[in-house]
Structures are given as C-alpha cells and as structure tokens.
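What follows is a short report on a single structure.
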Amino acid sequence: MKRNYQKELDGIIRSLDGRRARVLLHSCCGPCSSAVLEYLTQFFDVTLLWYNPNLYPEAEFDRRLATQRELIEKMGLADRVDILAEPWRSAEYESAAEGLEAEPEGGQRCTACFRLRLEETARQAKARGFDYFCTTLSLSRYKDAVRINALGEELAAKHGVPWLPSDFKKQGREQRSTQLARQYGLYQQRYCGCRFSLRSREEHDAQTL
C-alpha cells in the first residue's frame, strides 16, 4: 500500500498534543526551506542544518548559504531558527559520487548524495539531542519522497534518533515556496547543485540557443 507521509506527519503532530518537539531540519537551499519552515515552525522548535558538500562551485555554495540566511531574516525567524552551517567539504561529496559519474540525473548518484547529507543530519541530531530529524528535499517534484523517507528511516535506525516522515510538496507547499522566494526577492538557482547537474544545465542551455 502506498504510504501517505503527510498523514503520518499529521499523526505525529497530533500525538505531541501541543508539546514543541525539537527538529533538526536539513536544508538543501533557501527557496525550498521557505514553505517548510513556515509550516514546521507552527508545531516544532526547528534548527536548520546547512550541510551541502555537493554544491559546486564553492562560490555557489556561498551564495546559497547567504540566501538561506537572508530568507530566515526576511521571514522574521532569526530569533527562532538557529543555523548550524557546515563549511564546504566537497571532497566528501566527491567520495560518495565516485564510480557513479555516468549515472543520469535522479539515479544512484543522487541516492548517494541524499544518503550523505541525511547521514550527517542524523548523526548531528543524535549528538545534539534532537527529538527528530528531516530534510527539505521532498519539497521538490523532482525528488522522490519514497526514496528520501526510506533513507531517513534507515539512518534513524542506525543512529538511534527518530525520522520525521514527510512529503513537503503536499498541500501546495511547493507552489508556496516559489511564491515566498519571489516575495522576498531570493536568488533562485537554475540547477540542482552538483557539478554534474551544472553540466547538464549548461548542455541544455546550449541546445536551446
């Protein structure tokens, strides 16, 4: 039976009965986090983890982190949402992607990238005593929520910290994220983030000239 991750999340929220559990939220970028933060901060105390060694080049990493900080300020969440910002450690992504260079976008290289970032989120959530961990990745229609949740549950069992099930694109939040990004004048990237997706975008643009 197909799982409804939004209903599962709704059930967890009801079970809290007003208690604000602590969530470590991995963010892939500012625009994607906008609607997720708007939603989750209604029910949870959220800390955002910026761990994205896949981003390329380093200037893009810096620009997206600056956009993330800008969003939190503009949403009025600076006094409520802390950012744990990890530096650009591209070697960690390159190691995870080794041998998968020929994979298509959305293939096993992307799974390895998801795993890398979610494992760090789970590790830090356990070490810092969070009640749950999750990621903004499922907001995008291009990201497989089933795969993301399966990885989250696997890593939750490994590290001993609960995964917060989610499919954040539901209830119009993907469209809401686009609306908020435009409202706040945020930089909106044109490729997923890694050097492979950048090359794919550049090839696509060249073909459409």
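Values in this text are rule-based calculations from the coordinates and carry no lab data. This one's a predicted model, so the numbers in the text were calculated from it and none came from an experiment. We place every Cβ from the backbone using ideal geometry, glycine too, and count neighbours over all the protein chains shown.
The local environment of LYS143, defined by Cβ-Cβ distances under 14 Å, has a net charge of +4 under the rule Lys, Arg +1 and Asp, Glu -1. In this structure, LYS2 and ALA59 have a Cβ-Cβ separation that, at R0 = 30 Å, corresponds to a calculated FRET efficiency of about 0.15. Relative to its residue count, the chain spans a Cα convex hull of 136 Å³ per residue.
From helices alone, the chain scores -16500 deg cm²/dmol at 222 nm; the rule is -39500 (n - 2.57) for each run of n ≥ 4 DSSP H residues, then divide by the residue total.
Springs join every pair of Cα atoms under 10 Å in this Gaussian network model of the chain, and among GLU86, GLU119, GLU38 the largest mean-square fluctuation is at GLU86. Any chance you could check the Cα centroid distance between the range 115-155 and the range 1-76 for me, in angstrom? Each part reduced to its Cα centre gives a spacing of 11 Å. Relative to the Cα centre, the charge distribution of the range 71-204, modelled as +1 at Lys and Arg Cβ and -1 at Asp and Glu Cβ, gives a dipole magnitude of about 460 debye. Name the residue farthest towards the positive end of the dipole of the range 112-208 from the options THR136, HIS204, GLN183, assuming +1 on Cβ of Lys and Arg, -1 on Cβ of Asp and Glu, about the Cα centre. So the residue furthest toward the plus end is GLN183. Among the lysines of the range 116-209, pairs that are 8 or more positions apart or on different chains and have alpha carbons within less than 26 Å of each other number 5. Neighbours of PHE61 by Cβ distance under 12 Å: Lys/Arg scored +1, Asp/Glu scored -1, total 0.
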